[in-house]
Amino acid sequence: MGVWSAGPVLAALVLLASACSGGGDPADSAPSSAEQSADPTTALRERCLSAIPEEAELEAFTLSGATGGELEAARIGPATSDRVAVLLPQTSGMCGWGRWATAAAEDGVTSILVNPCGYGESTCTASDDADPLNEAAAAVSLARDQLGAERVVLLGTSMGGSLTVMAMAAGADVEAWADVSGPAAWEGVELTSLAPSLPADGLVVMAPSDGPLQYDAAEALADAAGVPFVAGRSGHGWELLVDPVSGSITRIGRRLVRLATGD
């Protein structure tokens, strides 16, 4: 089970950079000396900039992986909630989930944002990283045991979408899931090969702008898994959930909120 720690014991947490991929949100960047001396929540706000709105109820913390490793994570929304979304990011890191999570909090959903092994400040051994449940199981345990969640969903964009599918096929203990713009293959695994192991309460999202091969593969995954396929108009990952210009939640973003609430 993951262990959540925050506050003074983490005052020296250093938040590092990871590569940026899609979404148009501010990427994780190298911390300044001021960030290094700040508490982790303040440092995360400074790094994420407008990707996490000022009004967001935010707390940064570390999470022990279910298999091992130390995972950079954050909560957006109330510290207790019966509806929790565990959010896996694209390669630019968890900042890009900030706007959707802030909007979801208005509907009573608390979000746990997690940087997977090797991204942001998350550090793991190769064996920790090889476990598809390492991040998801730790966050789900936190949601149920410490936040009081009765309904937990696992949502991922781009890389996180593929990791979501892999975690679900491995038995992630959640009520529903969504893969938004996940590549057809990740770490040598073809996602369609996992379709027979995927629970029926899920959905797959892809826009034609990702190209015909990825679009067709996403639709094939949804068909093989027996879950809805949601076609985006244009965009990748977070761009399909929150309008990158206006900041307003989109129809697909609203659908994910309903998935999280169970409505």
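The HN-Hα couplings worked out from phi for segment 109-117 by the Karplus form 6.51 cos²θ - 1.76 cosθ + 1.60 (θ = phi - 60°) are 9, 8, 10, 10, 8, 10, 8, x, 3 Hz, whole numbers, x standing for Gly and Pro. Put simply, the convex hull of the Cα atoms in segment 100-177 casts, on average, a shadow of 5.4 nm².
Here, segment 30-171 has an Rg and a Dmax of 14.0, 42 Å when only alpha carbons are counted.
Given only helices, namely DSSP H runs of n ≥ 4 each adding -39500 (n - 2.57), what is the per-residue ellipticity at 222 nm of the chain, to the nearest 500 deg cm²/dmol?
Values: 8 runs with 75 residues, N = 263.
The helix-only estimate for the chain comes to -8000 deg cm²/dmol at 222 nm.
Of the accessible area of segment 76-174, computed with a 1.4 Å probe over protein heavy atoms only, carbon and sulfur atoms account for 45 percent. Solvent-accessible surface (1.4 Å probe) assigned to residue 254 amounts to roughly 80 Å².
With +1 on each Lys and Arg Cβ and -1 on each Asp and Glu Cβ, and nothing else charged, work out how big the dipole of the chain is about its Cα centre, in Debye to the nearest 20.
Working: 12 positive and 34 negative charges, 85 e Å.
The calculated dipole for the chain is roughly 420 debye.
Beta bridges per DSSP, both residues in the chain: antiparallel share near 45 percent. When the GluC sites (Glu not before Pro) in segment 120-195 are filtered for DSSP coil states and for at most 15 other beta-carbon atoms within 10 Å of their beta-carbon, the remaining sites are 150, 187. Against the chain, whose longest principal axis is taken from its Cα atoms, helix 159-169 shows a tilt of about 70°. For the chain, the extents of the C-alpha atoms along the principal axes are 49, 39, 34 Å, listed from largest to smallest. Volume of the convex hull of segment 110-263 (Cα atoms only), normalised per residue: 117 Å³. Taking amide H as placed 1.01 Å from N in the peptide plane, the amide H of residue 88 sits under 5 Å from that of 155, 156, 157, each at least 5 places away or on another chain.
Phi angles across segment 53-66 convert, under the Karplus curve 6.51 cos²θ - 1.76 cosθ + 1.60 with θ = phi - 60°, into 3J(HN,Hα) values of x, 4, 7, 5, 7, 10, 9, 8, 7, 10, 10, 6, x, 4 Hz, Gly and Pro given as x. Across the alpha-carbon atoms of segment 44-123, the computed radius of gyration and Dmax are 11.9, 34 angstrom.
Using the alpha-carbon atoms, what tilt in degrees (0 to 90, nearest 10) does helix 251-261 show relative to the longest principal axis of the chain? Once rounded, one gets 70 degrees.
Give me the extension gain from residue 243 to residue 209: residue separation times 0.36 nm, minus the current Cα-Cα distance, reported in nm with one decimal.
Stretched fully, the residue 243-residue 209 segment lengthens by 10.7 nm.
Give me the dipole magnitude in Debye, nearest 20, for segment 98-191 about the Cα centre, with unit charges on the beta carbon: positive for Lys and Arg, negative for Asp and Glu. Taking the Cα centre of segment 98-191 as origin, the dipole is about 200 debye. Put a dot 7 Å past the Cα of residue 190, heading toward its Cβ, do the same for residue 55, and the two dots end up 4.7 nm apart. Restricting the calculation to Cα atoms, segment 164-243 yields a radius of gyration followed by a Dmax of 11.8, 33 Å.
The values are calculated or read from the model by the stated rules, or taken from the named source; none is laboratory data. Since the model is a prediction, treat every value here as computed from it, not as a measurement. Every residue, glycine as well, gets a Cβ built from its backbone with ideal geometry; the counts of neighbours run over all protein chains shown. SASA here: full protein model, heavy atoms, side chains in, ligands and nucleic acids out. Shrake-Rupley method; radii C 1.70, N 1.55, O 1.52, S 1.80 Å.
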